[in-house]
Amino acid sequence: MGSSVSSKLRAVLFDRDGTLVVDVPYNGDPSLVTPMPGAKAVLDALRADGIATGVISNQSGIARGLITAANVADVNARVEELLGPFDVWEVCPHSEQDGCDCRKPAPGMVQSACRKLGIQESEAALIGDIGADVLAAEAAGATGVLVPTPVTRAEEVAEAQLVARNLAEAVSLLSERP
């Protein structure tokens, strides 16, 4: 990677479940955290390039009473243990019915992460596995990249401007952008 990453790109934010780690619905158990293939190498390369990294995660299981905020914090700590330190974490504990500004596809968590990092939204990208991730990035003025999994809907893939087969390809797509 090195100098190939666009000078405009200062942070790469990631969805957690289905993107950085294998999706376990409403996971409150750190022992079930399994990194996605290649995730650690991609994160290490970004960090070596001086690009900030962050996690942007909807966790509606909190609002639904299926998991607690402490469960989510424990799982996030395990993600960080396995994948290295992230510069920023954003978690939305709300359900769709709450009408919050943070739950993806709303831009709130992307905007908040960029504020914490001291960068413009246009200097950030969000990589995720569903359409809501890409829409949240675009709504905030960041770049969205979709890395589909078997649960990603075909129309989400069709609507995404940038689609990659894996995290490494997603980052290389970002580095090729003007």
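The values are calculated or read from the model by the stated rules, or taken from the named source; none is laboratory data. All values reported here derive from a predicted model rather than from experimental measurement. Quick reminder, even Gly has a Cβ in these numbers, built from the backbone with ideal geometry, and neighbours come from all protein chains shown. Side chains are part of the model used for accessible areas, which takes the heavy atoms of the whole protein and leaves out ligands, DNA and RNA. Shrake-Rupley method; radii C 1.70, N 1.55, O 1.52, S 1.80 Å.
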What is the one condition in (1) part of a helix (DSSP H, G or I); (2) among the hydrophobic types (A, V, I, L, M, F, W, C); (3) over 15 Å from the mean Cα position of the chain (by Cα) that residue 24 does not satisfy?
(1)
What are the residues in segment 68-79 that are touching a residue at least 12 places away in the same chain (Cβ under 8 Å) and open to solvent by less than 60 Å² (accessible area, probe 1.4 Å), if any?
71, 72, 75, 76, 77, 79
Which one of 11, 41, 45, 52 is in contact (Cβ under 8 Å) with a residue 24 or more places away in the chain, hydrophobic (A, V, I, L, M, F, W, C) and touching a Gly at 6+ places or on another chain (Cβ under 7 Å)?
11
In segment 74-92, which residues are within 22 Å of residue 114 (Cβ to Cβ) and out of contact with any Phe, Trp or Tyr (no Cβ under 7 Å at 6 or more places or on another chain)?
79, 83, 84, 85, 86, 87, 88, 89, 90, 91, 92
Taking residue 75 as the residue in question, decide whether it is among the β-branched types (Val, Ile, Thr) and more than 22 Å from residue 142 (Cα to Cα).
yes
If I go through segment 52-98 residue by residue, how many of them are small (Gly, Ala, Ser) and under 15 Å from the mean Cα position of the chain (by Cα)?
4
